[in-house]
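Engineer: Would you mind keeping the following structure in view while I ask a few things?
Please treat every number below as a calculation from the coordinates, not as lab data. Remember, predicted model here, so these are calculated numbers, not experimental data. In this analysis, Cβ positions are derived from the backbone assuming ideal geometry, glycine residues included, and neighbour counts consider all displayed protein chains.
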Amino acid sequence: MNSVFLTGHGGNEVVQVGEQPLPTPGPGEVLVRMRASTLNQVDLYMRNSGAGITHQLPQIMGLDGAGEVESTEGDPAFTTGQRVLVHPGIAWGRCEFCLRGQDVLCTRYSLLGEHRHGTWAQWVALPARNVFPTPPHLDDLQAAALGVNHLTAWRMVVSQARLQPWERARWSPRVMRTSWTAPVP
Ligand SMILES: [Zn+2]
């Protein structure tokens, strides 16, 4: 399959466009034909050094993406051709953090485009629980931007601070903390 992959670390000379083997879905995984993917700061980090990230070369780049389901063996709830977006953060599901619902703290957390092949390819195989139906009002490009880009903000505001729909958050860089306003009437 056609893909964009890293052959080393450095400048753009290590970014290659070419053939890589078609991924084979493992147990519980689905095969997604990619229609759109995004550029993340992490992609640049992986190109520049990838230091501290356990990975192999060549490494297919790309974290986020959207496309359609091609193989549904990993989860018959999906249908062939169904439009989906992918969440690139793959938790192990068995460590103490996973069991508490804190997937992002998983001791074996891995990410597409970092620890395993990413979305800058014609096909990606990943766990079915990381694949979500694309909302019908979004096209593939818009859906591709939903994967991990919002995750840090969501965890800060919703998971940790538990901001309610009637509350507002105000960023105050001078004190480096978030202050809360009175509920919106
Ligand atoms: Zn875990």
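Engineer: Over the range 2-149, what is the relative contact order in whole percent, taking alpha-carbon pairs under 8 Å and six or more residues apart?
Structural biologist: 31 percent
Engineer: Taking Cα pairs under 8 Å and at least six residues apart, what relative contact order does the range 82-121 come out at, in percent? Numbers along the way, then the final one.
Structural biologist: Details: 40 pairs, mean separation 13.5, N = 40.
Contact order relative to length: 34 percent.
Engineer: Next question, about the same structure. At Gln16 and Trp166, where each label point lies 7 Å from the Cα along Cα→Cβ, what is the point-to-point distance in nanometres?
Structural biologist: 6.0 nm
Engineer: Exposure proxy check: Thr54, Thr72 ranked by fewest other beta carbons within 10 Å?
Structural biologist: Thr54, Thr72
Engineer: While we're on this one: Starting from the Cα of His9, step 7 Å along the direction of its Cβ; do the same at Ser159; then give the gap between the two resulting points in nm.
Structural biologist: Each label point is offset 7 Å from its Cα along the Cβ direction, giving 2.6 nm.
Engineer: Ok, one more. Would you order Arg108, Arg170, Arg35 from fewest to most other beta-carbon atoms within 10 Å of each residue's own beta-carbon?
Structural biologist: So the ranking, lowest neighbour count to highest, is Arg170, Arg108, Arg35.
Engineer: Sticking with this structure for a sec: Could you list which residues have their amide H under 5 Å from that of Trp123, counting only those 5 or more apart in sequence or on another chain, with H placed in the peptide plane?
Structural biologist: Met34
Engineer: Hey, another quick one. To the nearest 20 Debye, how big is the dipole of the chain about its Cα centre, given +1 on the beta carbon of each Lys and Arg and -1 on that of each Asp and Glu?
Structural biologist: 900 debye
Engineer: At Asn149 and Arg129, where each label point lies 7 Å from the Cα along Cα→Cβ, what is the point-to-point distance in nanometres?
Structural biologist: According to this spin-label approximation, the distance is 2.6 nm.
Engineer: Specify which residue in the list Gln122, Ala169, Thr134 is farthest towards the positive end of the charge dipole of the chain, using unit charges on the beta carbon of Lys, Arg (+1) and Asp, Glu (-1), about the Cα centre.
Structural biologist: Ala169
Engineer: Using the count of nearby Cβ atoms within 10 Å as a rough guide to exposure, how do Phe5, Phe132 rank from fewest to most?
Structural biologist: Phe132, Phe5
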